[in-house]
1. How compact is the stretch 47-183 by the rule of thumb for globular proteins, expressed as Cα Rg over 2.2 N^0.38 Å?
2. Sort MET43, MET1 by heavy-atom solvent-accessible area, probe 1.4 angstrom, most to least.
3. Cut-off 10 angstrom, C-alpha nodes, Gaussian network model of the chain. Which of GLU104, GLU169, GLU14 fluctuates the most?
4. Testing the spin-label approximation: label points 7 Å from Cα along Cα→Cβ at ASP77 and GLN106. State their distance in nm.
5. Between GLN133 and ARG173, take the C-beta separation as r, use R0 = 30 Å, and let me know the FRET efficiency to the nearest 0.05.
6. Do you know the relative contact order of the chain, to the nearest whole percent, from alpha carbon pairs under 8 angstrom that are 6+ apart?
7. Could you tell me the accessible area of ARG9 in Å² (1.4 Å probe, neighbours in place), rounded to the nearest ten?
8. Accessible area of ARG173, 1.4 Å probe, to the nearest 10 Å²?
Amino acid sequence: MARLPNVTRDMVPEEFQAAYDELTADGPITVGPGRITLNSPEMALRRAGLTGYLRYETTFPRRILELAIITTARAMDCPFIWNDHVGAARSEGVGDALVEALRERQELPDIADDERAVINYVNEFYTTHQVSQATFQAALDQFGPQHLVELTMLIGSYAQTAFFLNAFEVELREGMGEPLLPV
C-alpha cells in the first residue's frame with residue numbers, strides 16, 4: 001500500500017484544480033508515479049510534458065531507451081520501474097541474457113556496442129556521479145550529441161521517478177509476469 005492515498009479532486013486546493021482536471025481528463029490516476037505526483041498537480045502537469053517527450057516523441061532507438069530505463073531501475077533498486085519496463089525492453093529486442101544479468105547484477109553477456117555504451121554510461125554515472133572521458137566518448141560515438149543529451153535527461157528523469165516510487169512505496173501493477181527485482 002502506498003504511503004499516500006489516491007488523490008481526488010476534492011483533496012486539491014482550488015487554485016490547482018484546473019491542473020488536476022487536465023491530468024485526469026482521461027480518468028483517475030490510481031497507479032504508478034502519477035498517483036503520487038498528482039498530490040502537486042501543477043508540478044505533475046509540468047513534469048508530464050518532458051516525460052511524454054522522452055518516452056514517446058524522441059527519435060532515440062526504442063531498444064536503447066528501454067535498456068536505459070531498466071538499467072536506471074536496477075541502479076535505483078526500483079522494482080516498479082523494472083517490472084513496468086522489462087517487458088517493453090524485451091519486446092524492443094533487449095535479450096533475455098542481458099535482462100537476467102542486469103537483474104542479478106552479474107557479468108554482462110556478449111552484447112552490441114550500443115548496449116554496452118548505454119549500460120556503461122548509466123552505471124558509471126550512478127556509481128561515481130561522473131562519467132569518464134572514455135565512457136562519455138563511447139556513448140557520444142554511438143548516439144551523437146542530441147541523443148546523448150536526451151539519454152542523460154531520460155536517466156535523470158527515471159531516477160526522479162524512482163525517488164517517488166521508492167519513497168512513497170508505490171505498489172507494483174498487478175499481473176506483471178516478470179520475477180520481482182531483488183533489492
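The values are calculated or read from the model by the stated rules, or taken from the named source; none is laboratory data. Being a predicted model, the structure only gives us computed values, none of them experimental. FYI the Cβ positions are ideal-geometry reconstructions off the backbone, even for glycines, and counts take in every protein chain you see. Please note that ligands, DNA and RNA were not included when accessible areas were found on the heavy atoms of the full protein model with its side chains. Shrake-Rupley method; radii C 1.70, N 1.55, O 1.52, S 1.80 Å.
1. It is 0.98.
2. Working: MET43 75, MET1 190 Å².
Final ranking, largest accessible area leading: MET1, MET43.
3. Of GLU104, GLU169, GLU14, the most mobile in the Gaussian network model is GLU14.
4. Calculated label separation equals 2.1 nm.
5. The formula returns an efficiency of 0.15 here.
6. The normalised contact order for the chain reaches 33 percent.
7. 100
8. Number for this one is 90 Å².
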